[in-house]
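Visitor: I have a structure here, written as C-alpha cells, and I will follow up with some questions on it.
Any read-out appearing in this document is the output of simple, stated calculations on the displayed coordinates, not a laboratory observation. Computed from a predicted structure; not experimentally measured. Ideal geometry is used to build each Cβ from the backbone, glycine not excepted, and the neighbour counts take in all protein chains shown.
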C-alpha cells in the first residue's frame with residue numbers, strides 16, 4: 001500500500017467515525033426523549049403506523065426469500 005493510499009484511507013476512516021458519532025448523538029437524544037415521555041406518561045403510539053410498518057416489513061421479507 002502506498003503512503004498516499006494510507007492517507008486516503010485514514011481520511012475516510014476519520015469521516016466515517018465522525019458520521020457514526022453524529023448519528024449516535026442523535027439516536028441517544030431520541031432515546032432520552034422517548035424515556036422521558038414514557039416516564040411522564042405522554043408517549044403515544046400510532047397503532048396504524050405500527051401495523052403498516054409490520055405489514056411492509058413482512059412483505060419485504062417474503063420478497064427477499066429465495067424461491
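Visitor: Kindly provide the set of residues from the range 36-58 that are surrounded by 10 or more Cβ atoms within 10 Å (Cβ to Cβ) and not in a helix (DSSP H, G or I), ordered by number.
Guide: Here is the first cut: in the range 36-58, the ones surrounded by 10 or more Cβ atoms within 10 Å (Cβ to Cβ) are 36-38, 43, 50-58.
43, the sole residue that qualifies.
Visitor: Out of 61, 33, report the one residue that is without any contact (Cβ under 8 Å) to a residue 12 or more places away in the chain, loosely packed, with under 10 Cβ neighbours inside 10 Å and in a helix (DSSP H, G or I).
Guide: 61
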